[in-house]
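First the structure, in the form of structure tokens, and then the observations on it.
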Amino acid sequence: MRPTLTRALRKTSIRLGFERDWYLYLVAAVIGLVMAVVATAFLAPLRAVEHWGELMQGNPLLPWLILLAPAAGGLLVGMLRNLIRARDVGPGVTTLMYAVLRQRSRIQGRVGLQKWLCSTATIATGGSAGAEGPIVNIGGVIGSNVARILGTRTQNTATLLGCGSAAGIAAVFNAPIAGIFFVMEILLRDFSLKTFTPIVIAAVVASATTRGVLHDSAIFDVGAGFMGADESFGIAQIPIYLVLGLLSALTAIAFIRCLKIASDTFGRLPLPQALKPAVGGLLLGIMGLISIMMTGLADVPSFYGNGYPVITNLLDPATYLPSEPDGSLATLILLVGLLLLLKVVGTSLTIGSGGAGGMFAPSLLIGAALGGLLGLVLESIGWLPNGSPAHLALVGMAAVLAGTTHAPLTAILIVYELTQSYQVILPLMFAAVVSTVVARSLNRNSIYTSRLRDMGIRVGVMSDLTILRRLTVSDVSLREPVVVAEEDSAQKLMDLSEEHSTSDIIVVDQHGIYAGMVTSDDLKSALIHREAIPLLQVHELERSNLPTITTDDTLDTVIEKFSHNDVESLPVFDAQDIEHPVGVITRKRLMQAYQVELDRE
């Protein structure tokens, strides 16, 4: 029924003179509308508890709340994961990347539901995480399941998954451009026009719909006078932002490393999986309690939650103005440096223990703290005469984000849209690119691909993977299978090989079910001892351990299977029947299909 609906839409579009997949544009717009509603519902409980610390000021129960709330949230996360069981390969973005790379962009609906509830429980109770990862995941799940209902092709499933994710970012952050490039640069790694167009439609519709409900201005609105005329970026400031870019790359690498250490450590703990987020939350609560005792601030620790109010303060130049004649600058340096350290550790404990949430917001806060800290240090030694540490804090947000994601374009655009400050676009681009280059040279894995690499999944080069992931085996011209029975003589094998001009032959058992293959290497080995051929049977030459391929497999999966087996051909089966081969795929024909698509692009 579903494929019939898709075929009907295609036939109608062709008759009307439209493109074959024009209906994707309409579906993308619907996904954008749906994600606007979903984003509003997702953010509502988070905003309701965002300022619970302010409401509890002066309450003697506040220290106990700071200590125990993250642990309670972690316990709730564990319970929800037991209740809603879904395969979890990591944070929301990593889960979607895994689906695109290994599951033909198909992802179960309960994965999105689990991420929604678990991330709400984590962030609302003080867990150090952001809202962008869950909303990207939820949007991707919705897009993927819409594609499943419509019965679309694999390449269109990936596009609709991307539509949902881009619409989620556009709705939550009021950042449609960043949402588009996040999906195309990080998630799909596909900049083709047929992918770009529906994703743009979904992001624009989602952003336009939510602007009247959630926010019509920048989340971190720094104002038009953020950088004065005498503070503009010039050649004299290049060394400062070069240093910031280098420090951002090192900070990003340290952040990724801390996350991995925390994840590995919690993974080895001899505890039930459901209790580990509670342990991480308890450790975070202990850190929070110690921090308010050290600083004397009767408020929720600044490294709790998504950190947006803290980022707003770090981007305010007034934050860095001295309030006391002596010692104020040194105190500020100590506090901002402590915030930077605690945010890295706090996020590592939250996510590494199994808490749910995104890493965009923590990266932004870490970057703002790093930039502010560098600005304070430079100001203390007189090397920041015309600027404010707030300027470096804003640029640091993009630089650290670029270093963690290895996606400078996304980092530049999202920070620009979050602040709408064009004045700092030049230093922002410069520092983000420096950070990305250094981070990539020191660590090949981003914050999202590190887990995938541990699973043995190569993310690869963008242009190559775009095509290889989009094409399936059904797009390749398969060779007709030449079949021989196991009990046949090796001489018949030789005769078939000569008759059909092929050296790779399918072997079936007495019931006609696939048993293995005889390859060119096997035939060559037999020909060396030609006198023994009349005495041999096919089953003595066949290989029964070769991997099998279905017509739905993407070409990157096929290439990976070829790379582990020194053969020129592999058997291909229908996805619904893995006992009777429908053809044989060869390395040569695979590369021909890739080259044809590459030329078309």
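Before moving on, here are some points about what is shown:
- Neighbours by Cβ (under 7 Å, 6+ apart or cross-chain): first from the range 240-262, more than 10 Å from Ser348 (Cβ to Cβ) and of a type in the set (Asp, Glu); second modelled with pLDDT under 95 and part of a helix (DSSP H, G or I): none
- In this structure, Ser291 does not qualify as outside the structural domain of Cys118 (by TED's automatic domain parsing), at pLDDT 95 or above and either touching an Asp or Glu at 6+ places or on another chain (Cβ under 9 Å) or not aliphatic (A, V, I, L, M) (or both).
Yes/no per residue for (1) within 27 Å of Arg257 (Cα to Cα); (2) touching a strand residue (DSSP E or B) at 6+ places or on another chain (Cβ under 8 Å); (3) surrounded by 24 or more Cβ atoms within 10 Å (Cβ to Cβ):
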| position | (1), (2), (3) |
| --- | --- |
| Ser380 | no, no, no |
| Val415 | yes, no, yes |
| Thr419 | no, no, no |
| Val437 | yes, no, no |
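- Some residue of the range 471-483 being touching a residue at least 60 places away in the same chain (Cβ under 8 Å), farther than 30 Å from Thr586 by Cα and among the small types (Gly, Ala, Ser): no
- Hey, Thr265 closer than 30 Å to Pro427 by Cα and in a helix (DSSP H, G or I) or not: no
- Check on Leu364, in contact (Cβ under 8 Å) with a residue 12 or more places away in the chain, within 29 Å of Arg189 (Cα to Cα) and crowded, with 24+ Cβ neighbours inside 10 Å: yes
- Verdict on Gly354 being modelled with pLDDT of 90 or more, at positive phi and in contact with a helix residue (DSSP H, G or I) (Cβ under 7 Å, 6 or more places away or on another chain): yes
- Of the residues making up the range 88-107, none is modelled with pLDDT of 75 or more, more than 28 Å from Ser446 (Cα to Cα) and assigned to a helix (DSSP H, G or I).
- Given (1) modelled with pLDDT of 90 or more; (2) more than 22 Å from Val37 (Cα to Cα); (3) part of a helix (DSSP H, G or I), index of the condition Ser128 fails: (3)
- All of (1) crowded, with 24+ Cβ neighbours inside 10 Å; (2) within 15 Å of the chain's Cα centre (by Cα); (3) not aromatic (Phe, Trp, Tyr) hold for Gly74 with one exception: (2).
- Odd one out for Asp521, checked against (1) in contact (Cβ under 8 Å) with a residue 60 or more places away in the chain; (2) over 32 Å from the mean Cα position of the chain (by Cα): (1)
- Members of the range 565-588 found to be closer than 26 Å to Asp190 by Cβ and surrounded by fewer than 16 Cβ atoms within 10 Å (Cβ to Cβ), listed by number: Ala575, Arg587, Lys588
- Apart from one condition, Leu384 fits all of (1) closer than 22 Å to Gly234 by Cα; (2) assigned to a helix (DSSP H, G or I); (3) aliphatic (A, V, I, L, M); the exception is (2).
- The residue that is nearest to Val518 (Cα to Cα), counting only those in the range 578-601 that are among the acidic types (Asp, Glu) and modelled with pLDDT under 85, is Glu597.
- Residue satisfying all of: in the range 260-294; in contact with a helix residue (DSSP H, G or I) (Cβ under 9 Å, 6 or more places away or on another chain) and of a type in the set (Val, Ile, Thr); surrounded by the fewest Cβ atoms within 10 Å (Cβ to Cβ) among these: Ile261
- The range 283-312 - residue that is assigned to a loop (DSSP other than H, G, I, E, B) and in contact with a Ser or Thr (Cβ under 6 Å, 6 or more places away or on another chain) and, of those, farthest from Glu132 (Cα to Cα): Pro301
The values are calculated or read from the model by the stated rules, or taken from the named source; none is laboratory data. The structure presented is a predicted model; accordingly, all values stated were derived computationally and were not measured. Note that we place each Cβ from the backbone using ideal geometry, even for glycine, and neighbour counts take in every protein chain shown.
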